[in-house]
1. Restricting to the stretch 125-136, and then to whatever is assigned to a loop (DSSP other than H, G, I, E, B) and touching a strand residue (DSSP E or B) at 6+ places or on another chain (Cβ under 9 Å), can you tell me which residue is surrounded by the fewest Cβ atoms within 10 Å (Cβ to Cβ)?
2. What number goes with the only condition from (1) within 30 Å of T190 (Cα to Cα); (2) at pLDDT 90 or above; (3) not in a helix (DSSP H, G or I) that K59 does not pass?
3. Considering only residues that are open to solvent by 40 Å² or more (accessible area, probe 1.4 Å) and part of a helix (DSSP H, G or I), look in the stretch 310-337 and name the one that is farthest from Y418 (Cα to Cα).
4. Do you know which residues across the stretch 65-77 are open to solvent by 10 Å² or more (accessible area, probe 1.4 Å) and either under 15 Å from F94 (Cα atoms) or part of a helix (DSSP H, G or I) (or both)?
5. Any residue in the stretch 403-421 that's closer than 17 Å to L311 by Cβ: show its pairings with residues that are open to solvent by 80 Å² or more (accessible area, probe 1.4 Å) and part of a helix (DSSP H, G or I) at Cβ separation under 7 Å, as long as the two are six or more apart or on different chains.
6. Of everything in the stretch 137-156 that's among the polar types (S, T, N, Q) and crowded, with 22+ Cβ neighbours inside 10 Å, which residue is nearest to the chain's Cα centre (by Cα)?
7. Name every residue in the stretch 398-439 that is of a type in the set (D, E, K, R) and not in a helix (DSSP H, G or I), in order of residue number.
8. Across the stretch 339-374, what is the total count of residues that are in a helix (DSSP H, G or I) and in contact with a strand residue (DSSP E or B) (Cβ under 6 Å, 6 or more places away or on another chain)?
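The values are calculated or read from the model by the stated rules, or taken from the named source; none is laboratory data. Please read all numbers here as calculations on a predicted model, not as lab measurements. Here the Cβ is made from the backbone with ideal geometry for all residues, glycine too, and neighbour counts use every protein chain on show. All accessible areas refer to the heavy atoms of the entire protein, side chains included, with ligands and DNA or RNA removed. Shrake-Rupley method; radii C 1.70, N 1.55, O 1.52, S 1.80 Å.
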Amino acid sequence: MVISCFDDVVRFMESFTNLEKQTTHYTTRTYRLDRMKALLAYLGNPELSFRKIHLAGSKGKGSTASYIASALTALGYKTGLYLSPHLIDYRERFSLSGTFFSDELLVQTGKQLQTQLEGFHFSDQWGETDPTTFELYTSYAYLLFKNSGCEWAVIETGLGGRLDATNTIVPEACVLCPIELEHTKILGDTIEKIATEKSKIIKMGVPTFIGFEEKEALSVFLAEAQAQKSATYLLEDAIASLTSRTTTEGELVRYRWKNGNEEQLLLAMRGSVQAQNSALALLVLRSLGLYNENVLPAIEKNQIPGRFQQLSTNPCLYVDGAHTTHSLQALLQSFTLLHGSSKKNTIIYGALEDKDHQHMANLVLDHFQQIIISRPGTYKKSDISSLFALFNALARERTQPYRILLIEDNREALKTAYSMTADSDAILVCGSFYLAGGVKAAFEQIRSAYESQLA
């Protein structure tokens, strides 16, 4: 195919096997590092042209990565940021810490990758195989960072860690964010098994930074760090107290470090989870000597889509990618601080099939009586009919009345939410980044149509 615009680049990548769409079948035949290593070598190892910080975890790694990248940018470094998934625009996956690459460079680099791939062949005992979509996106990001002259790149794992395509780099630091039960069909059904997969990003002699963890995950991480002779920095060892309060202006966070320093930041990204995400980022930056007076203002201003993001007022509309039990619990607590426990607030909720539906549904029912179940995209498998049935079954066990609707189309779900929510109340969209992205896109369509009618 001919690449003439960025959409062509995406179509080219998506024409390969896309393992991101799978929720099962985590095998060394499909998820592997040898093919990725061979591909990077064939491309001239673009990942060696910049310094790197590598992050893994179940939640918070995207926000933590963006805090680190924004700080490095504020220090004067040209910094690439590689995240997944995107909310609406594929360009969100590879950015210059808050800004998109130029369309010219995106297309030029896409053509470069397409041309170089024509001569790439990989075969093993199972025969010849092509790179996967995620391997190509990762390679594309590295080429973008190299071609644009990035000095640093902050790189988030896609899934797991051990066999993730990003786990072919040797970074300046490895960062492990909180672990929770997720992708259990792929990564394992216990905290220890999931932590083991994530721990394999730790590299020999490379310092490791660890956020607040359950003891089962922490023991796995410490054992791996010791085996890799990695200097280890624990957030719980560095900070004496960490408190936050969600306000209409942002997340007000107070940090009291064990060295006696105290700080207060008003983060643009709302939600109590951002307190520990930003604290972990600060621990990394200061420990690596990457800090000056420009860092704190940059962290305060930093934002990425889909993190308790407010889209409108009257009624307030928020989208968030919370998709684990703990992240959903933290989000709902922060939302309640802003909007109370009004029976007339509305939630649009949808989750992929490999989530802890029982606990997450109960959390939603604890906070909302107006609930719309909607499809979290078509990118990965979901069963919203079963989710709708679960919500109704759990609601029947409670005394308060619920209004629970199943509206598959995100735009129709949003229109219905507006019709049943007063201007003084609020709408929250969560359960999946794909749902958040779908509703955000629907909101933009509705707003554009309204504005064109007024013009």
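1. Among them, the one singled out is D130.
2. Every listed condition holds for K59 apart from (2).
3. Here the residue is H326.
4. Start the filter on the stretch 65-77 by keeping residues that are open to solvent by 10 Å² or more (accessible area, probe 1.4 Å), which leaves 70, 73-77.
Those that are open to solvent by 10 Å² or more (accessible area, probe 1.4 Å) and either under 15 Å from F94 (Cα atoms) or part of a helix (DSSP H, G or I) (or both): S70, T73, A74.
5. Listed pairs, sorted by first residue: R411/Q445.
6. Checked the stretch 137-156; the qualifying residue nearest to the chain's Cα centre (by Cα) is T138.
7. R398, R403, E408, D409, D423, D425
8. 2
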